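First the structure, in the form of structure tokens, and then the observations on it.
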Amino acid sequence: MSKKKKLVEPLLHDIYIESLSHEGRGVARVNGKTVFVDGALPGESVSINYLRRKSKFDEAEMVSVNNPSADRVEAKCKYHQLCGGCSLQHINNESQILHKQNVVLEQFTHIGQTSPIEILPPLTGEIWGYRNKARLGVRYVNKKAKVLVGFREKKKPSFIADIDECLVLHASIGQRITELKKLMEQLSINSKIPQLEVAIGENESALVIRHLKEFTQEDMGIMEKFSANTGIRLYLQAGDIDSITTLDGKKHSSLHYNIPEADITIWFSPMDFTQVNPQINQLMVRQVLKYLSLDSKDNVLDLFCGLGNFTLPIAQEAGYVMGVEGSLSQVKRAMENARENKISNVEFKCADLYSDTGHQDMNIQGYNKLLLDPPRSGAKEIINSLDLGDIEKIVYVSCNPATLARDAGILVNEQGFKFNQFGVIDMFPHTAHVESVSIFSR
């Protein structure tokens, strides 16, 4: 019985790219159907190869470009077509930022039915070696008889990209991918290690090795030698976050970063949430302080406060600050950071800001300024349930344009706030991820 031949679709030539999708893919129309073309830019005529056909749209890859856009640049990373860690390296950085700004402004119009009065200059910094937090996949591949360490593949997210370096990761890790692969290959349980968590402080680099089986004594010796040779502190994670220890079995962590603007040091553990880009974080803290316009008479509520990244600098300028966070471990760490920095006009509270109970227990009378820094799901529940009548100003730091636009619409159209300013924060160069800050006032 003969095998059924797989149909090979011919290349399509001279496909005109009309626009750029939110995630940075070129958008074309072929026979009336939308086609998303990876790697293509608006105004270009390209040849494409179909990757997937769906009922409402198709997905394709660019094979060649006939008239390159002025925004096109040669990707610096040799793995940019394989690795899914970055998707915009073929676009110059200024155009990347402008694209992200336009994405959010469009969302404001279509989702929030509002728009800012003023657009702020973007916050920008180094675009290579900026990433201090990441999760790398680890996989032993039988066919290749080797271990892969890296981000997911762009076209096949179930696969780990076979890379030897990463230009956006902090150099202490990004330039040691080959060494990490060799380390993993030497370990007896290399097929039982699914991921590595990267955390970089100002004083050291750390890797948390997630393992599904116990290491042997020989494994421990191999890892100790690697740590001594590279200066990278290794942590082991056998179960949940509470199971994390250093190689010697201790639970302490000495990771920290500084906020020079406020002369503050933030201590954190490798699995704590911290901003991935420390240079941009410093600029962002400075901007938040500026737009809150603080003095000693201000009482500030910082919701989704985390480790106190904004709370503690705010406390240096305001009369009193309350930080609220849903993670008890983060709240405890924030309280420790307040003590370490000798800041006493601040309080931290653990509350689920997405539950009715968390809202009902919160009394915000007496607070006149509000900082919101929610996760991707946004802050709809909290701004709908709290009485914001006393709030004069809100600064909203967002990592999701869609939920920001929704919440901005609520604040402007339902809560009576004025949308003063909006600006993009280039926290993740070469990716479609958009961070931003918005300022609202009565």
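Among residues of the stretch 190-220 being in a loop (DSSP other than H, G, I, E, B) and surrounded by fewer than 16 Cβ atoms within 10 Å (Cβ to Cβ), the one that is nearest to the chain's Cα centre (by Cα) is Glu202.
Looking across Leu301, Leu307, one residue alone is closer than 13 Å to Tyr367 by Cα and either in the same structural domain as Lys332 (by TED's automatic domain parsing) or in a loop (DSSP other than H, G, I, E, B) (or both). It is Leu301.
Scan the stretch 303-337 for residues that are surrounded by fewer than 22 Cβ atoms within 10 Å (Cβ to Cβ), more than 21 Å from the chain's Cα centre (by Cα) and among the polar types (S, T, N, Q) and jot them down. If the condition is that a residue be surrounded by fewer than 22 Cβ atoms within 10 Å (Cβ to Cβ), more than 21 Å from the chain's Cα centre (by Cα) and among the polar types (S, T, N, Q), then Gln316 is the only one that fits. Starting from residues that are in a loop (DSSP other than H, G, I, E, B) and free of Cβ contacts under 8 Å to residues at least 24 places away in the same chain, keep the ones in the stretch 247-262 and report whichever is surrounded by the most Cβ atoms within 10 Å (Cβ to Cβ). Per the criteria, the residue is Lys251. Would you confirm whether any residue within the stretch 29-45 is aliphatic (A, V, I, L, M), farther than 30 Å from Leu169 by Cβ, surrounded by 15 or more Cβ atoms within 10 Å (Cβ to Cβ) and not assigned by TED's automatic domain parsing to the domain that holds Phe417? Yes: the stretch 29-45 contains one or more residues that are aliphatic (A, V, I, L, M), farther than 30 Å from Leu169 by Cβ, surrounded by 15 or more Cβ atoms within 10 Å (Cβ to Cβ) and not assigned by TED's automatic domain parsing to the domain that holds Phe417.
The one condition from (1) of a type in the set (Asp, Glu); (2) at pLDDT below 95; (3) closer than 30 Å to Gly174 by Cα that Asp71 does not meet is (2).
One residue stands out in the stretch 82-97 among those that are in a helix (DSSP H, G or I) and in contact (Cβ under 8 Å) with a residue 24 or more places away in the chain: the one that is farthest from Val63 (Cα to Cα), namely Ile97.
Being surrounded by fewer than 17 Cβ atoms within 10 Å (Cβ to Cβ) and in contact with an Asp or Glu (Cβ under 8 Å, 6 or more places away or on another chain) is the filter; apply it to the stretch 221-246 and report the residue that is farthest from His211 (Cα to Cα). Among them, the one singled out is Gly231.
Residue-by-condition table, conditions (1) buried (at least 21 other Cβ atoms within 10 Å of the Cβ); (2) of a type in the set (A, V, I, L, M, F, W, C); (3) closer than 18 Å to Ser327 by Cα; (4) assigned by TED's automatic domain parsing to the domain that holds Met284:
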position: Asn345; (1), (2), (3), (4): no, no, no, yes
position: Met362; (1), (2), (3), (4): no, yes, yes, yes
position: Ser377; (1), (2), (3), (4): no, no, yes, yes
position: Ile382; (1), (2), (3), (4): yes, yes, yes, yes
position: Gly389; (1), (2), (3), (4): no, no, no, yes
position: Ala402; (1), (2), (3), (4): no, yes, no, yes
position: Asn420; (1), (2), (3), (4): no, no, no, yes
position: Phe428; (1), (2), (3), (4): yes, yes, no, yes
position: Val434; (1), (2), (3), (4): yes, yes, no, yes
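The values are calculated or read from the model by the stated rules, or taken from the named source; none is laboratory data. Since the model is a prediction, treat every value here as computed from it, not as a measurement. Using ideal geometry, Cβ is built from the backbone for each residue, glycine included, and neighbour counts are taken over all protein chains shown.
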